[in-house]
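Before any comments, here is the structure.
Every number here is computed from the coordinates shown, using simple stated rules; none is lab data. Predicted, not measured: the structure shown is a model, and the values here were computed from it. Note that each Cβ is placed from the backbone with ideal geometry, even for glycine, and that neighbours are counted across all protein chains shown.
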């Protein structure tokens with residue numbers, strides 16, 4: 001595995017917390033994915049995106065290198081959904 005050119009590492013702990021480690025390039029990857037989903041919602045469309053480590057056949061959006069003070073279980077796959085209000089209601093997130 002090659003050494004990543006950015007930091008975007010996500011961990012979960014036993015208490016239900018998510019811990020995100022990111023540098024500027026890593027945040028840009030996450031923000032770009034979120035902005036694309038936001039545009040789709042603005043167009044009335046629901047969509048999703050995947051951010052994965054290379055170990056899980058991704059393009060390395062999520063960093064798969066162990067850094068210091070990284071406790072918990074590494075998240076290898078972050079699936080992001082963008083719901084319109086109607087679909088959020090249908091899926092039970094809104095009343």
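Of all beta bridges DSSP finds with both residues in the chain, what is the antiparallel percent, to the nearest 5?
100 percent
Could you work out the pair-distance distribution P(r) of segment 3-53 from its alpha-carbon pairs, with 10 angstrom bin width and percents rounded to whole numbers?
With 10 Å bins starting at 0, P(r) equals 22, 40, 31, 6.
Can you tell me the order of 24-32, 49-57 when each peptide is scored by its average per-residue count of other Cβ atoms within 10 angstrom, highest first?
Most protected by this proxy first, the peptides run 49-57, 24-32.
Work the Kirkwood hydrodynamic radius out for segment 8-90: mean of 1/r over every pair of different alpha-carbon atoms, inverted, in Å.
13.9 Å
Using a basic spin-label model with each label point 7 Å from the Cα along Cα→Cβ, how many nm lie between residue 59 and residue 73?
2.8 nm
What order do you get for 73-81, 5-13 when each peptide is scored by the mean count of other beta carbon atoms within 10 Å, highest first?
In decreasing order of mean packing, 73-81, 5-13 become 5-13, 73-81.
Contact order normalised by length for segment 8-90, with contacts defined as Cα pairs under 8 Å and 6 or more residues apart; what percent is it?
Dividing the mean separation by the residue count of segment 8-90 yields 35 percent.
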